[in-house]
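Asks: This structure is in structure tokens; I'll ask about it shortly.
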Amino acid sequence: MATKSKIQEISIPKSESVEAWGMNSSSISPVFRPKTQEEIINIIQWANVNKKSIALRGGGCSYGDASINSQGIVLDLTNFNRIIHFDSKKGIIEVESGARIKDLWENGIVNGFWPPVVSGTMMPTIGGALSMNIHGKNNFKVGTIGEHVLEFTFVTAKGEVLVCSPKKNSELFYSAISGFGMLGVFLTVKIQMKKIYSGKMKITPVVTKNFEEMFDYFEREYKSSDYLVGWIDAFASGKSLGRGQIHKAVNLESGEDPDFPANCALEKQHLPSRLFYLIPKKWMWILMRPFSFNLGMRLINFAKYIASILVNGKEYFQGHAEYAFLLDYVPNWKFIYKPGAMIQYQVFIPKENALDAMKEIFQLCQSRGIVNYLSVFKKHKPDPFLLTHSVDGFSLAMDFPVTKRNKENLWKLCYEMDEIVLKNKGKFYFAKDSTLRKQIMESYFPKENLKKFKLLKKKYDPNNILSTDLYRRVFLNETN
Ligand SMILES: Cc1cc2nc3c(=O)[nH]c(=O)nc-3n(C[C@H](O)[C@H](O)[C@H](O)COP(=O)(O)OP(=O)(O)OC[C@H]3O[C@@H](n4cnc5c(N)ncnc54)[C@H](O)[C@@H]3O)c2cc1C
């Protein structure tokens, strides 16, 4: 560990507001924004000597308090964002950890490569994505992002710089990825991108009348799909419980697309910033806002379901970015949930229990009168990372508005849903979480993984400098 003499003096920046993506929690903290590896290492060493608590922050796209620190400093890595090298033959990209998924795909697609795993938004950094070990709509097929990382450099919370890969320092490789920023900082990352042969994919929209049909379709079609995602109308009940729409996507084969590579140009991928060439999309949240209450959202979900019947089975071609990041093209859509904003509650349930568990969850929400406004359904497979959230099964992500009036009851509902998830051997995901409690986390994580994580935390962060509101809430049982 560094001694005081080797560390450059640091002046603590002015405090500012740091917000969760769902805008339901925030802190006032000093925020460092280093641009170089040397600055990052120096801050880590300085924090050790001065016993300062630091939360690492990437794009701030975690829905809850994963990159917030009410009790200390925030280290924002978004200015540490260079593309170091892109091997356009092999599709291997090396970036600084503050580069975003947007940088990855924009650099890749013009050379015929797409990131192997992307989230529903292109704004996360690679450091944040590895730290949560994100999954995409292709999780059932290619696993999580960590499975495509060839190597990374890492400064542990003690200040030691290490190179990690599945073979080199492999214990740290498999625990820093998924380690939610608690063991150290990702510095540079090498990722294997995926070859594509078209700027578009073939999409099949399929309407499903209830949960049973949704599950059946996923199980029948996943082997012939590259991506699968389901939207569910959470307001439907009875025989229609879990009704919705699936979008299946398949990549085109080499030689199949006469417009390749022209349709990989960025101007063919990004969507126009105006709706019908007229209304700026940045105003759309204002137009949507009048519907942001239970009856309005019931209507919108119903209208979406009817629209999906009209296009059922009608195949079309869609650009990669549009399929992957549709919501990014409606800027600030989350503002419809203001002033209290929103939480996402996402559960991962083994396949043998998932259907019954999800039905029970929806019925519970309806009986409590708190129905989520947007539900997304995906299929998953297990992965080898220490704090993995994935299962051999399915996930359901549910967006709930938070208001002064419903907050207490919403949290109670989440606690009730936690019990259904535990009973069905399910899991939760730190990237999405706002409500998890220590006793629930200890019940669903395998004991041996938890024990190993605690040992690694002591080994790589002996002064406990890395901490977040999420860590204190879920691991230390503290409220901020
Ligand atoms: C609209 C939307 C859609 C989403 N869709 C998906 C999805 O489909 N699949 C999915 O898996 N997730 C999804 N997410 C969640 C998102 O991908 C994760 O929360 C991701 O971790 C965010 O990365 P970030 O850079 O914003 O990091 P932050 O949210 O800022 O931080 C996340 C974690 O990473 C740590 N961290 C940040 N940088 C570093 C670093 N350099 N080194 C070490 N630790 C670091 C932080 O301490 C924190 O624990 C979605 C989020 C949104 C808002």
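The values are calculated or read from the model by the stated rules, or taken from the named source; none is laboratory data. What you see is a predicted model; the values in this text were computed from it and never measured. Here the Cβ is made from the backbone with ideal geometry for all residues, glycine too, and neighbour counts use every protein chain on show. To get the accessible areas, we keep the full protein, side chains included, count just its heavy atoms, and leave off ligands, DNA and RNA. Shrake-Rupley method; radii C 1.70, N 1.55, O 1.52, S 1.80 Å.
Asks: Semi-axes of the range 200-435's equivalent ellipsoid from the Cα gyration tensor, sqrt of 5 times each eigenvalue, largest first, rounded to whole Å?
Replies: So the equivalent ellipsoid measures 29, 24, 17 Å along its semi-axes.
Asks: Report the percentage of all Cα-Cα pairs in the range 303-364 whose separation exceeds 13 Å, rounded to a whole percent.
Replies: On the way: 1512 of 1891 pairs.
Of all Cα-Cα distances in the range 303-364, 80 percent exceed 13 Å.
Asks: Largest first and to the nearest Å, give the Cα extent of the range 83-195 along each principal axis.
Replies: 39, 28, 25
Asks: Hey, any idea what the orientation-averaged projected area of the convex hull of the range 1-57's Cα atoms comes to, in nm²? Don't skip to the end; give the middle numbers.
Replies: On the way: hull surface 18.0 nm².
Projected area, direction-averaged: 4.5 nm².
Asks: Just the Cα atoms of the chain, one point each, no solvent: what log10 I(q)/I(0) does Debye give at q = 0.09, 0.10, 0.14 Å⁻¹?
Replies: -0.60, -0.75, -1.53
Asks: State which entries of Lys14/Lys412; Lys404/Lys457; Lys102/Lys378; Lys407/Lys427 exceed 29 angstrom in Cα-Cα distance in the structure shown.
Replies: Result: Lys14/Lys412; Lys404/Lys457 exceed 29 Å.
Asks: Using DSSP loop states and a limit of at most 12 other Cβ atoms within 10 Å to flag trypsin sites (Lys or Arg not before Pro), what is the longest stretch of the chain containing no flagged site?
Replies: 169-313
Asks: Would you please give the residues with an amide H less than 5 Å from that of Phe113, counting only those at least 5 places away or on a separate chain, with H modeled from the backbone geometry?
Replies: Correct list: Ile196.
Asks: Rounded to the nearest percent, how much of the accessible area of the range 1-130 (1.4 Å probe, protein heavy atoms only) is carbon and sulfur?
Replies: On the way: 2430 of 5350 Å².
Of all accessible area on the range 1-130, carbon and sulfur atoms account for 45 percent.
Asks: Follow-up question, since we're still on this one. Tell me the Kirkwood hydrodynamic radius of the range 392-450 in angstroms, computed as one over the mean inverse distance between distinct C-alpha pairs. Kindly include the intermediate steps, with their values, before the conclusion.
Replies: Numbers: mean 1/r = 0.0787 Å⁻¹.
Taking the inverse mean of 1/r over all distinct Cα pairs, the range 392-450 comes out at 12.7 Å.
Asks: Could I ask something else about it? Roughly how many Å is it from the Cα centre of the range 292-326 to that of the range 365-432, as a whole number?
Replies: 22
Asks: Throw me the Rg/Rh for the range 268-389, computed over C-alpha atoms with Kirkwood Rh, two decimals.
Replies: When Rh is taken as the Kirkwood radius, the ratio is 0.99.
Asks: If exposed chymotrypsin sites (Phe, Trp or Tyr not before Pro) are those in a DSSP loop with at most 16 other Cβ within 10 Å, what is the longest stretch of the chain that has none?
Replies: In short, 1-196.
Asks: Where the only charges are on Cβ atoms (+1 Lys, Arg; -1 Asp, Glu), what is the dipole of the chain about its Cα centre, to the nearest 20 debye?
Replies: Values: 64 positive and 47 negative charges, 157 e Å.
Here the chain has a charge dipole of around 760 debye.
Asks: Going by alpha carbons, how many degrees (0 to 90, nearest 10) lie between the helix axis of 351-368 and the longest principal axis of the chain?
Replies: So the inclination is approximately 80 degrees.
Asks: Here's another thing I want to ask about it. Rounded, prolate or oblate: which fits the range 358-480 when a ≥ b ≥ c are the square roots of the eigenvalues of the alpha-carbon gyration tensor, with rounded for a/c under 1.5 and prolate only if a/b beats b/c?
Replies: It comes out oblate by the Cα gyration axes.
Asks: With n ≥ 4 as the cut-off for DSSP H runs, can you work out [θ] at 222 nm for the chain, using -39500 (n - 2.57) per run divided by the number of residues, rounded to the nearest 500?
Replies: Roughly -9000 deg cm²/dmol at 222 nm, from the helical runs in the chain.
Asks: Go through the range 25-36 residue by residue and turn each phi into a ³J(HN,Hα) via Karplus (6.51, -1.76, 1.60, θ = phi - 60°); whole Hz please, and just put x for glycine and proline.
Replies: Using θ = phi - 60°, the values come out as 8, 7, 9, 10, 9, x, 10, 7, 10, x, 10, 10 Hz.
Asks: Continuing with the same structure: Write down the Kirkwood hydrodynamic radius of the range 1-154, to one decimal in angstroms, obtained as one divided by the mean of 1/r over all alpha carbon pairs.
Replies: By the Kirkwood definition, the hydrodynamic radius is 16.7 Å.
Asks: Which value, in Å², gives the accessible area per residue of the chain when a 1.4 Å probe is used on the protein heavy atoms?
Replies: 43
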